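The values are calculated or read from the model by the stated rules, or taken from the named source; none is laboratory data. In this text, all values refer to a predicted model and were calculated from it rather than measured experimentally. Neighbour counts run over all protein chains shown; Cβ positions are idealised from the backbone, glycine included. Please note that ligands, DNA and RNA were not included when accessible areas were found on the heavy atoms of the full protein model with its side chains. Shrake-Rupley method; radii C 1.70, N 1.55, O 1.52, S 1.80 Å.
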Amino acid sequence: AAIKLLKKLEEEQRLATPEEQKLLVRYVGWGGMPQVFSYYDRKGWEAEQEEIKELLTDEEYKAARGSTLNAHYTSEKVIRGMYDILSRLGFKGGRILEPAMGSGNFFGLMPTNLSANSRLTGVELDNLTGRLAKQLYQNADIRIEGFEETKLPDNFYDVAISNVPFGDYKLHDPKYNKYKFLIHDYFFAKAIDKVRPGGVVMFITSKGTVDKRDSK
C-alpha cells in the first residue's frame, strides 16, 4: 500500500499529507522478507512475489532484491534508548547524519526537542526506499545513493547515528580502499571523518567490529 501511494504521489507531483504519511511510515523495507525475491525459496510467497513484480519497475525490483542483505529493521525501543544516551551526553540539537537511513526510523523517532533544533542529512542506497523517506521527512536533506558515493564535508556533523550495514565484503571508495575495511568498519571510518572533533558517532554494529583483537 505504501508503494502504491508513493507512486500516486509522484504521478501527481506532490508531497504527502500528514494523513498519507501515516501509511507511508509503515513501510519497513525488504530485509525481513527476502523470500519475495528468491528464485528458489519462494514457497508460500508466490502471490506476494507476483504483486511486487507488478508494482515495481525492473530497476526498482533489482535494487529492492539487492537491499535484502542489509535492510535491517531497527526497533523503536533501541532507537529511543540511543537517543536517551545522546541526551545524557548533553546533546541538545545540531547537524545530524544518518548514513544508512532506510525509510528513516532514526528521524521519525527522534525526540521533538532534538528534531526542532537540528538539521538532518540522510543517505539511502535503495531508490524506492529513499524516495519514500523524502516523502516522510520533507525538510531533511536526503541523498539517494551509496554512502561511498556521497560527497559530504569533513568535520561538519555533530552526530552520526545509524544501524549500519555489516558483512564480509568491502565497498569501493578511493579515499579508503587502502585500509581494506569491511563494510561496517568503512561506515565507522567515513563517519568519523564527517563528524566534527568532539562530536558523537553512535552506530549499531556487529561482532565484526567490536570483537577485534588487533588492528586487522
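Side notes on the structure shown:
- Leading residue by the ranking (least open to solvent (accessible area, probe 1.4 Å)) among those in the range 75-107 that are of a type in the set (S, T, N, Q) and within 26 Å of residue 151 (Cα to Cα): 103
- Counted residues, the range 154-182 - those being open to solvent by 60 Å² or more (accessible area, probe 1.4 Å) and touching a residue at least 24 places away in the same chain (Cβ under 8 Å): 5
- Within the range 9-23, tally of residues that are open to solvent by 100 Å² or more (accessible area, probe 1.4 Å) and within 20 Å of the chain's Cα centre (by Cα): 1
- Per-region count, the range 108-126, residues touching a residue at least 40 places away in the same chain (Cβ under 8 Å) and open to solvent by 70 Å² or more (accessible area, probe 1.4 Å): 1
- Filter pass, residue 143 being open to solvent by 10 Å² or more (accessible area, probe 1.4 Å), within 30 Å of residue 18 (Cα to Cα) and among the charged types (D, E, K, R): yes
- Residue match in the range 177-189 (condition: modelled with pLDDT under 95 and basic (Lys, Arg)): yes
- Remark: pairs (first residue in the range 86-104, on the phi > 0 side of the Ramachandran plot; second residue of a type in the set (A, V, I, L, M, F, W, C); Cβ separation under 7 Å; 6+ apart in sequence or on different chains) = 93/114; 94/159; 102/71; 104/133; 104/136.
- Check on residue 44, closer than 20 Å to residue 195 by Cα, without any contact (Cβ under 8 Å) to a residue 12 or more places away in the chain and assigned to a loop (DSSP other than H, G, I, E, B): no
- Selection from the range 36-46 of residues that are closer than 18 Å to residue 126 by Cβ and surrounded by fewer than 18 Cβ atoms within 10 Å (Cβ to Cβ): 38
- For the range 94-111, the set of residues classified as more than 19 Å from residue 78 (Cβ to Cβ) and either of a type in the set (Ser, Thr, Tyr) or assigned to a loop (DSSP other than H, G, I, E, B) (or both) consists of 94 only.
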